[in-house]
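In what follows, a structure is listed as structure tokens, so that the remarks can point back to it.
The values are calculated or read from the model by the stated rules, or taken from the named source; none is laboratory data. The structure displayed is predicted, hence computed values, not measured ones. Cβ placement follows ideal geometry from the backbone for every residue including glycine, while neighbour counts extend to all protein chains displayed.
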Amino acid sequence: MVCNLSKTEMMSFLAPGLSITMDGVDIAAGNSMKVLGVYFDDELRWEKQVDHALLKASRVLHGLHKIRAYLNTQQAKQVVTSFFFLVLFYALEVWYHQHLGFHLKRRVRSVHYKAMRLVYGRSLTRDELDCYRGNPDAMSNFNLAKQMCNIINSGLPSRLYGHLCGNLFFERRHPNRGLFYDDSVRKIGKQSLKNRLSNVSKCLKFDWLMQSKDYVRINLKKTFLPVPRPPA
């Protein structure tokens, strides 16, 4: 492999203004970097990532307004899930966490509920809409739990699987509920990865460690995504 210096970027979390030289080309550390479609910033505030996600989601939402009159509720739900939430919720488990800024969360939720009201009607409250589609908090936990279950059950990627197993213990009263500790100082924003995994694991009130992927996925939906109640 050959390093393409014209496409090489660098970002420093500890030393602002840092620069390196490769083959006579100076590469200065920037304030942000796009990695696999996610914008990381040097302070992990995720403002640029939220701006990017909302811009793409709003463009999709504009198109959905044009075709909504030609779709029934079930068809509109499928279209919104396939095209809108796929954009808005991309890598949500990475950047949407409990320490994300309040105003950023409010912006994400606002666009989320606009799409929901487009599908189910503007008269529904936010609590009622959450019953039809989990809010971003629930979706973030759902995606994180789904990935965690896939890693534990498949053993892949092996390096991350080994790290998780090496930092995993079980409660005495709940032998199937795995909790995590972290012996490193690596953080995701201000929130330690082990805290996020442990918080999600506490919600998994079923035997998930040795179960099939389909069984786990169904129970995750019951845990994190409420089931809509029939109208009275």
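Could you check, for segment 77-96, whether at least one of its residues is within 20 Å of residue 220 (Cβ to Cβ) and touching a residue at least 60 places away in the same chain (Cβ under 8 Å)? Yes, the conditions are met somewhere in segment 77-96.
Return a yes/no flag: does segment 4-20 have any residue that is without any contact (Cβ under 8 Å) to a residue 24 or more places away in the chain and in a strand (DSSP E or B). The answer is yes; a qualifying residue exists.
The set of residues in segment 115-144 that are part of a loop (DSSP other than H, G, I, E, B) and within 21 Å of residue 216 (Cβ to Cβ) comprises 133, 134. Considering every residue within segment 136-157, establish whether at least one is in the same structural domain as residue 206 (by TED's automatic domain parsing), exposed (fewer than 15 other Cβ atoms within 10 Å of the Cβ) and under 14 Å from the mean Cα position of the chain (by Cα). Yes: one or more hits.
How about segment 88-114: which of its residues are of a type in the set (S, T, N, Q) and part of a helix (DSSP H, G or I)? The answer is 110, and nothing else.
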